[in-house]
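First comes the structure, then the notes that go with it.
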6 protein chains.
Amino acid sequence: MPQPDHVTALAEADESMLPEDLVPYFQKCRDKLGFVPNVLRAWLLRPEKLRTFIKLYDELMLGPSGLSKLEREMIAVVVSSWNRCYYCLVAHGAAVRKLSDDPQLGEMMAFNYRVAELPHRQRAMLDFAVKLTAAPYDVAEADRDALSQHGFSDEDVFDICEVAGFFNYTNRVAHGVDMMPNVEYHTLAR
Amino acid sequence: MPQPDHVTALAEADESMLPEDLVPYFQKCRDKLGFVPNVLRAWLLRPEKLRTFIKLYDELMLGPSGLSKLEREMIAVVVSSWNRCYYCLVAHGAAVRKLSDDPQLGEMMAFNYRVAELPHRQRAMLDFAVKLTAAPYDVAEADRDALSQHGFSDEDVFDICEVAGFFNYTNRVAHGVDMMPNVEYHTLAR
Amino acid sequence: MPQPDHVTALAEADESMLPEDLVPYFQKCRDKLGFVPNVLRAWLLRPEKLRTFIKLYDELMLGPSGLSKLEREMIAVVVSSWNRCYYCLVAHGAAVRKLSDDPQLGEMMAFNYRVAELPHRQRAMLDFAVKLTAAPYDVAEADRDALSQHGFSDEDVFDICEVAGFFNYTNRVAHGVDMMPNVEYHTLAR
Amino acid sequence: MPQPDHVTALAEADESMLPEDLVPYFQKCRDKLGFVPNVLRAWLLRPEKLRTFIKLYDELMLGPSGLSKLEREMIAVVVSSWNRCYYCLVAHGAAVRKLSDDPQLGEMMAFNYRVAELPHRQRAMLDFAVKLTAAPYDVAEADRDALSQHGFSDEDVFDICEVAGFFNYTNRVAHGVDMMPNVEYHTLAR
Amino acid sequence: MPQPDHVTALAEADESMLPEDLVPYFQKCRDKLGFVPNVLRAWLLRPEKLRTFIKLYDELMLGPSGLSKLEREMIAVVVSSWNRCYYCLVAHGAAVRKLSDDPQLGEMMAFNYRVAELPHRQRAMLDFAVKLTAAPYDVAEADRDALSQHGFSDEDVFDICEVAGFFNYTNRVAHGVDMMPNVEYHTLAR
Amino acid sequence: MPQPDHVTALAEADESMLPEDLVPYFQKCRDKLGFVPNVLRAWLLRPEKLRTFIKLYDELMLGPSGLSKLEREMIAVVVSSWNRCYYCLVAHGAAVRKLSDDPQLGEMMAFNYRVAELPHRQRAMLDFAVKLTAAPYDVAEADRDALSQHGFSDEDVFDICEVAGFFNYTNRVAHGVDMMPNVEYHTLAR
């Protein structure tokens, strides 16, 4: 079984480091998912930063937005595919499968989103996210206009930028510390 | 279900085009796999070329070689991952899962082979295959030497080059004609 | 004066949207800097997300860390230089000039950090941050080892990854919404 | 004379390895060309694979197709130019010169096909082949449509993909084993 | 102060090497600028070549042309920004600031010219210069047509090509020999 | 014959524009080569600039240097190969063939210089020139040291940089104006 048996290549933080107010959050993960996602255990190396990271993540991916939760996960996966981030492809690929109840959609987002027969609106959203990932300095007025024409509001455009941006951040942390996903993700929602 | 419901974006060839001598081969596919792989149905558009394509494929991937069948499939997947070929990632990702009996290995090859804890020999083989794919003009004596030092014979080096090269060929045909994998692959050997 | 006269290309949020608890923060900006950084006014389009963004930023760039505040700003600028992010180059270039009291250091970080005669430790830190930005999938054990050999702890490595990752996030939001820096930054600490 | 004096950097196969049924083929090469192309001598290292390689090559480049033999050779050379494959540029550059009776056409295909004043149909064909070589995941419906609009049938599109794909295969084998062309090609059809 | 304290990484030429007829030119630099630009001191290593280099530079950047001196300096800076040339960004960034009397314009040209609100004609000119720098083989008839449509004459197109080309030359000499700009440029026209 | 029948895509300058003092130079070209190289006829569009261009070219390629004339032409061709400049590959490829009396050397420089069995010194020189062309910001002290270790003096390093830089200039002018080589070059020194 060649997946490395570690959370990250750095020292593993002990859960005794977990700030007291976050204990219920970890418990909720165990109750709902059956495990604490390794990204949280990785962040535990810098325990004072974990709280804000969780808050940012939850607002961004689960909070109110003109983008559905599935759409935000689709952005997460296409960005992570461009960056070839193993952790996020495994964990968020599972989320796409689960939220869409369509395992093939997860595969398409992870391998090459362009093959999917998506509503034009979603295709435009993903094209924008990938361009912003691959060549951010090439994004121009015409790209924002394309989103408007598909009905995205200015707030939606902001959210697309932020979700795409955020996974460019976590992809890099994951690559930088060699973060491994919980093995449970692999079989989720197949 | 957003995976396009076609074999390719080109006219679909009728199985009546299948040359008589290949009928048993298609039957063998149905018996063993339960279906005829779409790549063969795609090639049926040019039926006179199908025979040689099958022969080449079988010699390359199943014939005698210093590389195991699993190793050849691992090369297939890392090359297809670099080229982001949906067809080959789905079909050959399934083959890696099946031959290795390790679904995670399939995911690692498809997403980012560098995270896997592989024997040094296999890692060297895949590094060579990816370099030959991404920047063929950069492959030099030192790269071949690295393979020799891991025990690969000259015949093995040739086979690595040929398998890597072959998937650079089929990846491009698949991209060029928008070839879709049989949906059965998705659930195979999970 | 060709710098666009807008905060972003999206609808400009009214400061009346500012959540009450953040009013003192904006006031503190005005007192200390003389203005509210445009990045905060941009985020005001999604006012409920502003609080966490501020908290993340402050912990990351101003909180306790084995990296000095100047080192974190140097990472910010070299990442933004790779991504050619006008907003961050102007705003964080100013921060490097101010914290280092060395205007030329700001120019070197913004134009090409490799010309600078830096302590080897800082050069290694910036090389890692740029590699993680430009080709995150190429970062490997050897890159982390190089940081260790220059005395960076595992927590420091995490912080380097996080700061570099974070600016890959904000650079993309800035590009995506065409965010313009406050003109005051241009003359700061020259 | 700096062209390496070898067929490949690997062990050179003895012609005694040549399967009996292929002896007439080698003889035909000697009769028609005056020499056996080195690519065949390279493949002799894996003699059981040589037969199918020859068959594939002949069907692809010489068999019935909506593309002329010259057009197939033009694709061969522009693909090999993108991949900077010395063997194929020398051998197939000579083929373009010979089939077209226009040495300058050979030079243009090898150096930069875009300078040539070609029929729009051929220019579209080469643009497609180069895009499929350089960025296969970017090829989309619009690219296939452009071919249709220039009168290419679906079978022709398949053949363009296959020829372009095939040279992405042989270019990589040639780079991988450092295959050198027969010196006779250099002066052919100048 | 981390800017290296040398003209170049090569042996520094003594001003006694200066050909007699160029002594007045160096004096004029000192009178007008207060210093001799380091690029001239770098070229003094090959004193017989300095005369022609000066002549070429003066004709190109100061001689009669349909492009204003400022426009030529803007091309210089966007090309140098693409190539990340520290010397030219510092020296010619200062020239843009001075000629335009607009420090922000200098920053925009150096960091990312696409954010600037320029007359369409100038934007087209810079787009052409950057494309010619980044992917010269992609420049085509349509790109020249875009310039014509903005009123550039054939002579102007030639001058745009020449100025862009010239800085691709000097950027590479500067990178190749690690040329450092005179520190006086940093504060010029801020 | 698909090579465009023009000097450049711009207005063709009349030879009556030739400054009087350059008439003998054009005559010398006709006497020695049998024709005036098209690059000079292209520059005639800006006749006042032709004189300095000729002077620069002659000093650089024919003047005293630690690099032989052939070595300078080899640099010209490998740079032009990287940039895929048809004009320079045809014209300077011919020069390499002529100066070396080895047509194959010309082909290797134009197609892929890495296949050539060159003295280590020349290989190092060409590696440096190509790196300076392809990724100038990556050239570092170690690259200059490699040249020193092969016996190149500081003046030689300067000349390598200048010749490589110069062809990055002329390649871009040639691409920018679609400059075509004189057809006589094709058959020269085959």
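The values are calculated or read from the model by the stated rules, or taken from the named source; none is laboratory data. Small disclaimer: the values here were computed from a predicted structure and weren't measured. Cβ coordinates were reconstructed from backbone atoms using ideal geometry, including for glycine residues, and neighbour counts include every protein chain displayed. SASA here: full protein model, heavy atoms, side chains in, ligands and nucleic acids out. Shrake-Rupley method; radii C 1.70, N 1.55, O 1.52, S 1.80 Å.
General remarks:
- Computed label-point distance, nm, for sites C:V23 and B:D127 using a 7 Å Cα→Cβ extension: 6.1 nm
- Student exercise, the protein assembly as shown dipole from Lys, Arg, Asp, Glu Cβ charges, in Debye to nearest 20: 0 debye
- Angle in degrees between helix C:47-62 and the longest Cα principal axis of chain C, rounded to the nearest 10: 30 degrees
- List B:W43, A:W82, ordered by accessible area with a 1.4 Å probe, largest first: A:W82, B:W43
- Shortest-first distances to equivalent copies, position D:D101, nm, label 7 Å out along Cβ: 3.5, 6.6, 6.9, 6.9, 8.2
- GNM result for chain B, Cα springs below 10 Å: residue of B:Y87, B:Y137, B:Y57 fluctuating most strongly: B:Y137
- Dividing the radius of gyration of the alpha carbons in the stretch A:138-181 by their Kirkwood radius gives 1.18 for Rg/Rh.
- Taking every alpha-carbon pair under 8 Å whose residues sit at least 6 apart, the stretch D:15-130 reaches a relative contact order of 19 percent.
- Qualifying lysines (Cα of each under 29 Å from Cα of C:K131; at least 8 residues distant if same chain): A:K49, A:K55, A:K131, B:K131, C:K55, C:K69, C:K98, D:K131, E:K131, F:K131
- In degrees, nearest ten, helix A:69-82 long axis to first principal axis of chain A (Cα): 90 degrees
- With q set to 0.08, 0.09 Å⁻¹, the log10 of I(q)/I(0) for the protein assembly as shown, from the Debye formula over equal scatterers at the Cα positions, is -0.93, -1.19.
- Taking the alpha carbon gyration tensor of the stretch D:106-154, multiplying each eigenvalue by 5 and rooting it gives semi-axes of 19, 15, 7 Å, largest first.
- Shortest-first distances to equivalent copies, position A:E141, nm, label 7 Å out along Cβ: 2.9, 2.9, 4.8, 5.2, 5.7
- Mean per-residue shielding of peptide E:49-60 is 4, counting Cβ atoms of other chains within 10 Å of each Cβ.
- Accessible-area value, F:V183, 1.4 Å probe, nucleic acids and ligands omitted, Å²: 70 Å²
- Taking the convex hull of the alpha carbon positions in the stretch B:82-139 and averaging its projected area over all directions gives 4.1 nm².
- From the Kirkwood radius over Cα pairs of the stretch E:79-190, Stokes-Einstein at 4 °C and 1.567 mPa s returns a whole-number translational diffusion coefficient of 88 µm²/s.
- The distance linking the stretch F:1-77 with the stretch C:151-190 is 49 Å (Cα centroid to Cα centroid, whole angstrom).
- Shown here is the pair-distance distribution of the stretch C:55-94: with all Cα-Cα distances grouped in 10 Å bins from zero up to the longest one, the shares run 32, 52, 16 percent.
- Reciprocal of mean inverse Cα separation for the stretch A:42-129 (Kirkwood radius, Å): 13.7 Å
- Reachable aspartates and glutamates from D:K28, criterion Cα separation under 19 angstrom, eight or more residues apart if same chain: D:D14, D:E15, D:E20, D:D58, D:E59, D:E184
- Across peptide C:2-14, the average count of Cβ atoms from other chains found within 10 Å of a residue's Cβ is 4.
- Of all chain B residues, the one whose C-beta is nearest the axis that brings B onto E, in angstrom: B:Y137, 8
- Exam field: E:L62 pseudo-label spacings to other copies (7 Å along Cα-Cβ), nanometres: 2.8, 4.9, 6.7, 6.7, 7.7
- Crossing angle, helix C:86-100 versus chain C [Cα axis fit, 0-90 degrees, rounded to tens]: 70 degrees
- No Cys partner within the rule (Cβ under 4.7 Å), chain A: A:C29, A:C161
- Where the Cα pairs of chain F fall when distances are cut into 10 Å bins, in %: 9, 35, 36, 16, 4, 0
- Rounded accessible area of B:R84 (nearest 10 Å², 1.4 Å probe): 20 Å²
- Taking other residues whose beta carbon is less than 9 angstrom from the beta carbon of C:K131, and scoring Lys, Arg as +1 and Asp, Glu as -1, yields -3.
- For the segment C:172-184, counting C-beta atoms of other chains within 10 Å of every residue's C-beta and taking the mean gives 6.
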